[in-house]
Amino acid sequence: MIAPDWLWIPVTIWAAFAQTLRNAAQRSLTAELGTLGATLVRFLYGLPFALLWIWGVQAVGSYALPSPNLPFAAWVSFGAISQIIATALLLRVMAERNFTLGVAYSKTEIIQVAIFGLIVLGDPVTVTTALAVGSGTLGVLLLSPADRERPFRTMLTGWTTVPAMLGLASGAFFAFSAVGYRGAALALGDTPFMMAAAFTLVAAQSLQTVVLGGWLLVRDPSVVVRVLKAWRRSLFAGFMGAAASAGWFTAMAIEPVAHVRTLGLMELLFASIVSRKLFRERLSKLEISGMLLLTLGLVIVMLAP
């Protein structure tokens, strides 16, 4: 099954929208469950929906389940563990800054993912891709200055603040995870892209649930108990997390990760709406300029041949 050249665009936009809702839901759970408890919610309550997704893909497409191999296992493990770390760091950084800026810090991943994708997977970085990544990154930096009165100077000197370092680390691990998941899907060879994405998603979320859940059971069982008791509120976060991951995995099975993650910056546009409507947070003129540069990057990557 060969994907149309344009399919990755609406799939990525959906993933960005679903991830925004998931982040908002997880943020509301962090105070009650803690950072790692809210992270576990994403995987534990997302797994049943991921299993439903692979069942639907198999039923509709009449695809056989692929046979995993050692490269697939290595790639998916690398991606899954990196995502656990990245998600925990993202929730921590959102506690340091407002919702929009917390998400923005994590989006420094796009330069890193372009570099890692080129080095590790051989995904090309064209001039158009570089322009899109550069415009999007500058937009992100304007959205998250350490000092709003002197943004350009602090853009170069302010990365040693706690929120900045947490955000940069979160972005790096999200980049690792994106490269790992694309590598896992490609390791399945001729498997149709929808099945490769769904199979990778189920494998990753199963591993993440076991690893993080097991670690918490040993270190702090009370967190797991609280997560289980909060199942009603957690189902929505789990569903949106699985929906977002299904979109990301499918898009990355089709298109190089640098393109997918650059277009995925549309999440910031959705996050700003959530911030204004749900958390009553406002954007400054500087942040609006960042949004415009970000939008330019999105347009470039969507129109790229």
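Bear in mind these aren't lab numbers, they're just calculated from the coordinates by the rules spelled out. In this text the structure is predicted, and so the values were computed from the model without any measurement. Don't worry about glycine lacking a Cβ; one is built from the backbone with ideal geometry, like all the others, and counts go over all protein chains shown.
Ordered by the number of other Cβ atoms lying within 10 Å of each residue's own Cβ, fewest first, Ser222, Ser77, Ser177 fall into the sequence Ser222, Ser77, Ser177. Compared with the direct C-alpha span, the chain from Trp55 to Ser77 gains 5.7 nm at full extension, assuming 0.36 nm per residue. Sorted ascending by nearby beta carbons within 10 Å, beginning with the fewest, Tyr63, Tyr181 become Tyr63, Tyr181. Note that segment 223-232 has calculated 3J(HN,Hα) couplings of 5, 5, 4, 5, 5, 5, 5, 8, 5, 4 Hz, one per residue in order, obtained from phi through the Karplus relation 6.51 cos²θ - 1.76 cosθ + 1.60 (θ = phi - 60°); glycine and proline are x. For segment 218-246 versus segment 20-93, the spacing of their alpha-carbon centroids is 11 Å.
Placing a pseudo-label 7 Å from each Cα along the Cα-to-Cβ vector at Leu131 and Val162 gives an inter-label distance of 4.2 nm.
Ordered by the number of other Cβ atoms lying within 10 Å of each residue's own Cβ, fewest first, Trp55, Trp14 fall into the sequence Trp55, Trp14.
Once the Cα-Cα distance is subtracted from the 0.36 nm per residue extended length, the Leu228 to Ser28 segment shows a gain of 70.4 nm.
Computed 3J(HN,Hα) for segment 132-139, one whole-Hz value per residue from the Karplus formula 6.51 cos²θ - 1.76 cosθ + 1.60 where θ = phi - 60°, is 5, 5, x, 5, x, 5, 4, x, glycine and proline marked x.
Relative to the current alpha-carbon distance between Leu121 and Arg219, full extension at 0.36 nm per residue lengthens the span by 31.7 nm.
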